[in-house]
Amino acid sequence: MNASPTPPADNVRRYGPVESGLPPGDTHPYRSGAWQPQVHEFDAWDMPVVGTIPDDLAGVYLRNTENALFEPIKRYHPFDGDGLLHSISFEAGQARYASRFVRTDGFIAEQNARQSLWAGIAEHPSTAIAETGSGARTMMKDNGSTDVVVHQGRALASFYQCGELWSLDPVTLEQSGPTQWNGWFPDGGVSAHQKVDEHTGDLLFFNYSATAPFMHYGVVDRDGNLTNWAEIPTDGPRLPHDMAFTENWSILNELSIGWDEQALADGYWSNTFHRDRPARFAIIPRHGNTDDIRWFEADPTFVLHWGNAYEDGDEIVLDGFFQHNPACRGIERPAAEFKGFESLDINAFESRAHRWRFNLVTGKTSEEQLTDTVTEFPMINGRHAGRRHRYMYEARGAKNLFAFDALLKRDVDTGAEELVEFDPGVFISETVMAPRCGSTAEDDGYLITFASDVNTDRSECVIFDAAALAEGPVARIELPARICSGTHATWAPASALIDH
Ligand SMILES: [Fe+2]
């Protein structure tokens, strides 16, 4: 990777372009507009700021991206894009930005071949040119593009179909390849949505497979030691996407959407919503084994993401986003170019904040819908993860598009919702909550997101006071180039950037 001979400005270094091969004037809805991919990487500092970067904000906001580079073998799906991480770090009122592709084995192989080598999510595996999977434990390319967390001072980029955890410096995005924990890593890979307990430094994770054993759960401590590894014996191959935890328990799930077993037998992947199959929850002590699992059942649904869980007397409380139409039946069909992507619209699967209560004494589940408002992609103050929380910060989905056009602060105690809408054509990222240095109140801190404006072809990092959203942003930092929409983000406080 070489620096551009003509950097765009003194405060910006631009690298690349990487190899790419998309058609000129591409109109694919997930390779244009909000999803217009990038081919350059950047370092930037002293960026133009409207307002003031708070001097009591210290840490890093990381966001992953599925960024298309080559035409697919047959049919592109947005989750096929290569991982492109964006990092903006804050210290003493200054911000530094970096962006880098996640150099997975698959990324490097396709860069060398200058073409797509693996079948994507919407393609039959037999179309693949490569003969094996690349890191992911399937025939798919592990693109490290779904999620990112920070553990042991390193950013870990992951892929939702289970793969490696690609390790990067959270600030500079310097890369050191796949993670190993004292020489060990699960044969079945690791799913996206590992959880970091800021109070203990534990990393909680799971994986899943189309063949038995179908799911495992593990814990790695702050020193990189594997301190638990247990099979979660689901009834069959399932599609768990996320997990939750409390101070003492971890919560795995097998929900009512699962792999289509006939499709698996026929050599490809498809999934089916079983409306007669209850949602099942495996609640296991953080360091318990398979025999310690407490199983609970609830109404059939699918849940992409959980907000948080905590212990409340005899009960475990779990907040997440119950899909009221997981099969996306009866939805309005969008324009032709969006066909086949209907289920990527949050509004189509109607996910609403929902609370489950699991009583460890009676074994009973109770549940309630918390709102009529459709949102998803929740974040909380990380200090409250696994502990009682009051606030969740969520995203509203754009119509007919997998993209976010508003953020919502939810008070689960009062039911109050505060919405921040952005101008038409502006799409935001998963919005993190960064506690103010020295804060004690849960919402004493900042909400941080990347906002991309397709009208002006610019992106900004936008910072709000989490307790005063109505006052508008406290700072808007202009990025060196417009960034592509992406999925998951994380906030790591300065204390988490050090390997303990
Ligand atoms: Fe996710």
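The rows are residues; the columns are (1) within 16 Å of the ligand (Cβ to nearest atom); (2) under 26 Å from Leu447 (Cα atoms).
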{"position": "Ser99", "(1), (2)": "no, yes"}
{"position": "Arg103", "(1), (2)": "no, no"}
{"position": "Phe107", "(1), (2)": "no, no"}
{"position": "Met139", "(1), (2)": "no, no"}
{"position": "Ser145", "(1), (2)": "yes, yes"}
{"position": "His151", "(1), (2)": "no, yes"}
{"position": "Arg154", "(1), (2)": "no, yes"}
{"position": "Asp169", "(1), (2)": "no, yes"}
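So that you can scan it fast, the table gives a plain yes or no per residue for (1) touching a residue at least 12 places away in the same chain (Cβ under 8 Å); (2) more than 16 Å from the ligand (Cβ to nearest atom); (3) crowded, with 19+ Cβ neighbours inside 10 Å; (4) farther than 21 Å from His241 by Cβ:
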{"site": "Ala279", "(1), (2), (3), (4)": "yes, yes, yes, no"}
{"site": "Ala298", "(1), (2), (3), (4)": "yes, yes, yes, no"}
{"site": "Gly307", "(1), (2), (3), (4)": "yes, no, yes, no"}
{"site": "Glu311", "(1), (2), (3), (4)": "yes, yes, no, yes"}
{"site": "Glu315", "(1), (2), (3), (4)": "yes, yes, no, yes"}
{"site": "Gln323", "(1), (2), (3), (4)": "yes, no, yes, no"}
{"site": "Ser343", "(1), (2), (3), (4)": "yes, no, no, no"}
{"site": "Ser351", "(1), (2), (3), (4)": "yes, no, yes, no"}
Could you list, in sequence order, all residues of the stretch 254-265 that are within 16 Å of the ligand (Cβ to nearest atom) and touching a residue at least 60 places away in the same chain (Cβ under 8 Å)?
-> Ile257
In the stretch 451-500, which residue that is within 16 Å of the ligand (Cβ to nearest atom) and in a loop (DSSP other than H, G, I, E, B) is farthest from Thr27 (Cα to Cα)?
-> His488
Those residues that are surrounded by fewer than 18 Cβ atoms within 10 Å (Cβ to Cβ) and assigned to a strand (DSSP E or B), I need them from the stretch 407-429; list them, please.
-> Asp411, Glu417, Glu418, Leu419, Glu421
Of the residues in the stretch 199-217, how many are surrounded by fewer than 20 Cβ atoms within 10 Å (Cβ to Cβ) and either modelled with pLDDT of 95 or more or within 16 Å of the ligand (Cβ to nearest atom) (or both)?
-> 3
So Phe358, is it of a type in the set (Phe, Trp, Tyr) and part of a loop (DSSP other than H, G, I, E, B) | no
Across the stretch 482-500, the tally of residues that are of a type outside the set (Val, Ile, Thr) and surrounded by 18 or more Cβ atoms within 10 Å (Cβ to Cβ) stands at 10
Scan (1) crowded, with 21+ Cβ neighbours inside 10 Å; (2) among the acidic types (Asp, Glu); (3) farther than 29 Å from Ser250 by Cβ for the single condition Glu376 breaks and write down its number.
-> (3)
Consider Ile251 against the criteria (1) under 24 Å from Ala492 (Cβ atoms); (2) touching a residue at least 40 places away in the same chain (Cβ under 8 Å); (3) more than 16 Å from the ligand (Cβ to nearest atom): it satisfies all of them except one. Which criterion is unmet?
-> (3)
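The values are calculated or read from the model by the stated rules, or taken from the named source; none is laboratory data. The model shown is predicted, which means the values in this text are computed figures rather than measured ones. Ideal geometry is used to build each Cβ from the backbone, glycine not excepted, and the neighbour counts take in all protein chains shown.
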